[in-house]
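To start, the structure itself, in structure tokens.
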């Protein structure tokens, strides 16, 4: 479940490794966010401070790409991943990174063509 103060892995090449959720901007207080939900987060852990595009402690928007919680598709099948992952976004809601690693659900393809350009595997 993704909610306030959850730590999530970042699966792109922006340099951030882990972020802490400050607030999820989509959904209501009783429903948990699904794929493609936008949130605000603070960067907690970075990969290499000399070559990263972001710094520790910065506040960025994220888009939820994978989650452990199963989501039911329209055909009745359930989709769940081993871990939750997100993508860092800038203030214009464009991806900071140039590549996203790991699989993505097919439902993400309809959200944003920029995300479609930086990812490779869809499930």
Q. If we scan the range 79-87, do we find a residue that is touching a strand residue (DSSP E or B) at 6+ places or on another chain (Cβ under 6 Å), more than 25 Å from residue 4 (Cβ to Cβ) and assigned to a strand (DSSP E or B)?
A. no
Q) residue 86: within 23 Å of residue 41 (Cα to Cα), touching a helix residue (DSSP H, G or I) at 6+ places or on another chain (Cβ under 9 Å), touching a residue at least 40 places away in the same chain (Cβ under 8 Å) and surrounded by 14 or more Cβ atoms within 10 Å (Cβ to Cβ), yes or no? A) no
Q: May I ask you to list the residues in the range 91-123 that are farther than 18 Å from residue 79 by Cβ, touching a strand residue (DSSP E or B) at 6+ places or on another chain (Cβ under 8 Å), without any contact (Cβ under 8 Å) to a residue 40 or more places away in the chain and in a helix (DSSP H, G or I)?
A: 114
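To keep it simple, each residue is scored yes or no on (1) surrounded by 14 or more Cβ atoms within 10 Å (Cβ to Cβ); (2) under 20 Å from residue 25 (Cβ atoms); (3) more than 15 Å from the chain's Cα centre (by Cα).
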site	(1), (2), (3)
59	no, yes, no
72	no, no, yes
76	no, no, yes
80	no, no, no
92	no, yes, yes
103	yes, no, no
Q) Could you give every pair whose Cβ atoms fall below 6 Å, whose first residue belongs to the range 1-26 and is in contact (Cβ under 8 Å) with a residue 12 or more places away in the chain and on the phi > 0 side of the Ramachandran plot, and whose second residue is surrounded by 14 or more Cβ atoms within 10 Å (Cβ to Cβ) and not in a loop (DSSP other than H, G, I, E, B), counting only separations of at least 6 or pairs across chains? A) 15/46
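Does the range 13-30 contain any residue that is assigned to a strand (DSSP E or B) and farther than 18 Å from residue 91 by Cα?
yes
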**Q.** Single unsatisfied condition, residue 75 versus (1) touching a residue at least 12 places away in the same chain (Cβ under 8 Å); (2) under 16 Å from residue 107 (Cα atoms); (3) outside any strand (DSSP E or B)
**A.** (1)
(Q) under 16 Å from residue 7 (Cβ atoms), surrounded by 14 or more Cβ atoms within 10 Å (Cβ to Cβ) and modelled with pLDDT under 85: is that true of residue 33 in this structure? (A) yes
Q.
Checking the structure you have, find out if any residue of the range 48-69 is in contact (Cβ under 8 Å) with a residue 60 or more places away in the chain and under 19 Å from residue 115 (Cβ atoms).
A. yes
Q: Determine which single condition residue 42 fails, assuming it passes every other condition in (1) within 24 Å of residue 109 (Cβ to Cβ); (2) at pLDDT 90 or above.
A: (1)
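The values are calculated or read from the model by the stated rules, or taken from the named source; none is laboratory data. Treat the numbers as computed from the prediction; the structure is a model and nothing was measured. Don't worry about glycine lacking a Cβ; one is built from the backbone with ideal geometry, like all the others, and counts go over all protein chains shown.
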